[in-house]
Amino acid sequence: MKPTAGRVYAWFERRLQFEGPLKDAAMHPVPSRTASWFYVFGSAAFTLLFFQIATGILLAVVYVPSAGEAWNSLNVLNHLVELGWYLRALHGWGSDFMVAVVFIHMTQVFFFGAYKFPRELTWTLGVFLLVMTLGMAFTGQVLRFDQDAYWGLGIGASILSRVPWIGGGLVHLLLGGPIIAGATLTRFFALHVFIIPGAMLLFVFLHVWMVLKLGINEWPMPGRLVRRATYVKEYEEITRKDGIPFIPGAFWRDLAFSGAIIAAVAVCAFVLGPFGPSGQPDPSIIQTVPKPDFPFLWIYTVLAYLPPQMETPFMLIAPILAIAALLAVPFLAGEGEKSWHRRPVAVLAVSSIAVFWGVLTNLGTFTPWSPHMNAWSSDPIPVRYLRTATPLVRQGAAVFQAKQCRNCHSIGGAGGLRGPALDDVATRMTMDQMRFKVVTGGGNMPAYGKNLSPAEIDALVSFLETLHPANEPPAYDAAQRALELDQPSASPAAHANSSAQGNPGP
Amino acid sequence: MSHEAQSEAQPEAQASGRQPQPTTHAPGAGGGREDGRIVSRRWLLFKAGIALNGLVGLVLAVPVLRYLFAPWRKDSSYKSWVSLGPADGFPAGETRLAYYQNPFRNSWDGQTDDVACYVRHIGQKQFQVFAINCAHLNCPVRWFPQSQLFMCPCHGGVYYADGSLASGPPPRGLFTYNWKVESGELQIDAGQMPTLSNTASLVYIQADRGDCPCRG
């Protein structure tokens with residue numbers, strides 16, 4: 001048996017001649033301290049890329065890249081094809097894990113100063129790989145061709161349309177025509193399946209090639225500075241004195257972590273299932289609340305909170321600046337300190353970005369800026385607010401409900417969060433102020449002056465005036481109060497009482 | 001020029017450096033002694049080969065680019081008049097959702113050709129036809145007849161009944177289609193998803209109308 005296997009091996013080796021280069025790659029010495037759990041994220045991203053390619057090819061066996069059929073084929077995958085749902089779930093969760101691992105990998109590389117001389121180009125390619133990973137996440141969301149995909153494309157087209165002069169042409173190029181339709185899906189299919197993965201494979205090859213040629217970044221020691229003139233010699237010194245062969249010393253951790261990540265993807269996919277598809281991609285169905293996938297939620301938040309006049313410059317310039325800044329990192333700081341212990345700016349930058357990202361993503365999960373489109377017809381006004389209400393106040397509550405006020409204003413904990421909650425609005429505004437606000441709008445509120453009759457406004461304001469805690473009187477106009485105090489008959493308590501009972505105002 | 005000469009000199013030096021060693025794999029090509037003329041002829045042919053491929057690539061790039069840029073067309077080439085049905089179907093004073101098939105379409109587009117728009121019959125056969133797409137980021141706005149407002153579910157853009165901006169982040173009012181009534185049918189000039197870049201042929205609606213001029 002053994003001699004036969006040996007002869008077969010020798011026959012192939014005589015022709016392929018892989019042994020030499022593979023042995024070199026496997027046995028090349030790496031600094032012993034880099035055999036660490038901190039160094040496993042790059043190889044995990046590598047594994048996930050090939051996992052995504054494999055599951056993607058398996059999905060392509062069934063998926064139909066046609067605007068008319070894509071959504072149906074996904075439902076067939078989910079419900080009819082044996083374990084089709086699981087393959088979709090693996091690909092979907094693999095994508096989320098890959099985005100996360102790529103970001104963690106970049107953060108680790110940044111903290112460990114691994115982008116410094118002579119590894120600048122490795123970092124540069126890595127930045128492009130990051131952009132392509134996000135490109136895969138977005139184009140993959142488009143291939144899901146459901147309502148979120150459709151309106152996500154609308155957002156993309158809308159952003160591109162803001163480019164000066166050539167915006168219209170760029171939208172046509174993105175969509176493959178005048179509207180989101182069949183031509184749009186086929187070009188995103190080409191991007192997702194051929195163009196971006198092809199470029200990623202090439203870039204990953206070069207990225208890993210340089211890791212092998214230039215060596216794994218040594219463990220950063222505070223005070224050991226990188227200098228162009230001496231670094232290569234110092235690195236060789238470290239690997240010679242304190243080096244171990246890459247396999248198995250360092251590589252077993254990569255193997256273990258990659259296996260664990262794939263296992264985590266498999267478990268998430270099994271327990272939590274595939275993503276969507278949500279409703280069918282029919283633009284005439286307007287009862288939809290589109291939302292981007294998790295990696296892009298923070299952008300959704302940014303676009304909600306930017307002042308309108310800053311939006312276009314931000315959308316067009318910020319991505320370019322961000323990528324340029326990432327690309328510039330190794331060329332601005334190619335030498336010097338590698339250890340995070342002596343790079344406070346780097347630590348501060350990463351932690352602030354992480355906090356910003358976390359806050360923006362968290363806000364994106366419950367979108368306080370979006371009106372709740374069904375609140376007016378589904379969330380009742382709490383009974384306790386109406387128990388002692390006069391007919392006029394009840395009428396006001398009906399106006400409040402029927403005119404969609406609750407789509408933006410919550411009351412009793414239900415309703416939109418776009419405007420302030422109104423449970424104690426009477427303590428903040430006098431009746432005159434509320435009337436003015438309702439009629440003229442302002443800030444983020446539409447003016448209702450033309451849409452409500454004077455009688456409806458009277459009723460509405462009377463209702464709002466009753467919204468205050470029992471132990472806290474409604475707000476009052478101090479000038480008015482001074483006048484009333486001059487007259488002995490009116491007391492503050494009496495005023496508060498009359499308001500609480502729903503004074504219709506002057 | 002100097003750069004080219006340098007790159008030319010380097011491989012030549014390498015080639016000539018290798019010449020003295022006996023070549024085993026290409027006995028016919030190497031021949032014998034160092035011969036400047038043969039070497040330079042080979043390099044000339046090599047460069048001619050590159051030039052030929054470059055030329056072919058350049059010529060082929062023209063149709064490839066034209067193919068890729070084919071969708072980059074004038075807006076007007078995508079648009080035509082489509083009917084929304086009898087004008088009488090839209091009661092005066094009301095805003096109704098109407099549907100049409102996009103005039104520019106392919107057979108595999110599926111449901112994506114079914115486009116909706118809002119028709120507002122002001123009265124006296126005067127109409128306003130709004131795109132459902134919010135001017136902010138194209139999400140579909142919803143009409144609330146009770147409060148006479150359009151609201152967008154994405155970032156909270158709100159518009160008045162006449163399409164002017166009421167509040168929220170949109171940079172302008174709702175996009176409108178040009179319309180006409182022909183033999184009793186309401187027709188609109190449609191075919192393209194409205195965005196901020198193709199509004200030249202769309203009527204611009206004042207952003208401030210209906211708002212309080214004195215607000216801060």
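Here are the numbers for this structure:
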quantity	calculated
Contour excess over end-to-end distance, with Cα ends at A:GLU234 and A:GLN108 and 0.36 nm allotted per residue	43.1 nm
Orientation-averaged projected area, Cα convex hull of segment A:1-66 (nm²)	9.0
Filter on A:LYS213/A:LYS338; A:LYS233/B:LYS47; A:LYS23/A:LYS233 - keep pairs with C-alpha separation over 30 Å	A:LYS233/B:LYS47
Virtual spin-label span in nm between A:PHE203 and A:VAL355, 7 Å along Cα→Cβ	3.0
Net lengthening on full extension, A:VAL345/A:PHE251 (0.36 nm per residue, minus Cα-Cα)	30.6 nm
For B:CYS134, residues with placed amide H under 5 Å, excluding near neighbours	B:CYS139, B:VAL141
A:ALA54-A:ALA322 pseudo-label distance in nm [points 7 Å out on the Cα-to-Cβ vector]	3.2
Helix runs (DSSP H) in chain A reaching 24 Å along axis by Cα, Kyte-Doolittle at least 1.6	A:41-60, A:196-214, A:251-272, A:308-332, A:344-366
Proximal lysines relative to A:LYS291, as straight alpha-carbon distance under 26 Å, when same-chain residues fewer than 8 apart are discounted	A:LYS403
Share of Cα-Cα pairs in segment B:71-132 lying beyond 14 Å, as whole percent	62
Förster radius 56 Å - calculated FRET efficiency between B:LEU52 and B:GLN126 (Cβ-Cβ, nearest 0.05)	0.25
B:ASP114-A:TYR305 FRET efficiency (beta carbon distance; Förster radius 25 Å; 0.05 resolution)	0.15
In order through segment B:116-124: 3J(HN,Hα) via Karplus (6.51 cos²θ - 1.76 cosθ + 1.60), integer Hz, x for Gly, Pro	10, 8, 9, 10, 10, 8, 6, x, 6
P(r) of segment A:243-327 over all Cα-Cα pairs, binned every 10 Å from zero, in whole percent	12, 21, 23, 27, 13, 4, 0
Cα-based Rg and Dmax for segment A:29-106, where Dmax is the largest Cα-Cα distance (Å)	16.9, 56
C-alpha center-to-center spacing [segment A:282-337, segment B:76-115] in angstrom	34
Principal axis dimensions, segment A:375-446 - Cα atoms, whole angstrom, descending	31, 24, 20
Partner lysines for B:LYS79 [C-alpha distance under 18 Å; skip if fewer than 8 residues away on the same chain]	B:LYS180
For segment A:48-190: rounded, prolate or oblate by the Cα gyration tensor [a/c cutoff 1.5]	oblate
Cα gyration tensor shape for chain A, rounded if a/c is under 1.5, else prolate or oblate	prolate
Three semi-axes of the equivalent ellipsoid, segment A:259-304, Cα gyration tensor, whole Å, largest first	29, 17, 6
Relative contact order %, segment A:1-114, counting alpha carbon pairs below 8 Å whose residues are six or more apart	28
Residues whose placed amide H lies under 5 Å from that of A:VAL30, excluding near-sequence neighbours	A:ILE244, A:PHE246
P(r) weight above 14 Å for segment A:442-483, C-alpha pairs, percent	67
A:ASP424/A:ASP96 FRET efficiency (R0 45 Å; Cβ-Cβ; nearest 0.05)	0.65
Residues with amide H under 5 Å from that of B:GLY85, placed H, sequence gap 5 or more	B:LEU186
Under Karplus coefficients 6.51, -1.76 and 1.60, residue-wise ³J(HN,Hα) of segment B:93-99 in Hz, glycine/proline x	x, 10, 10, 10, 7, 10, 10
Relative contact order (%) - segment A:368-440, alpha-carbon pairs under 8 angstrom, separation at least six	34
Exposure proxy order (Cβ contacts within 10 Å, fewest to most) of B:TRP108, B:TRP43, A:TRP93	B:TRP43, B:TRP108, A:TRP93
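Any read-out appearing in this document is the output of simple, stated calculations on the displayed coordinates, not a laboratory observation. This is a predicted model, so every value here is computed, not measured. We place every Cβ from the backbone using ideal geometry, glycine too, and count neighbours over all the protein chains shown.
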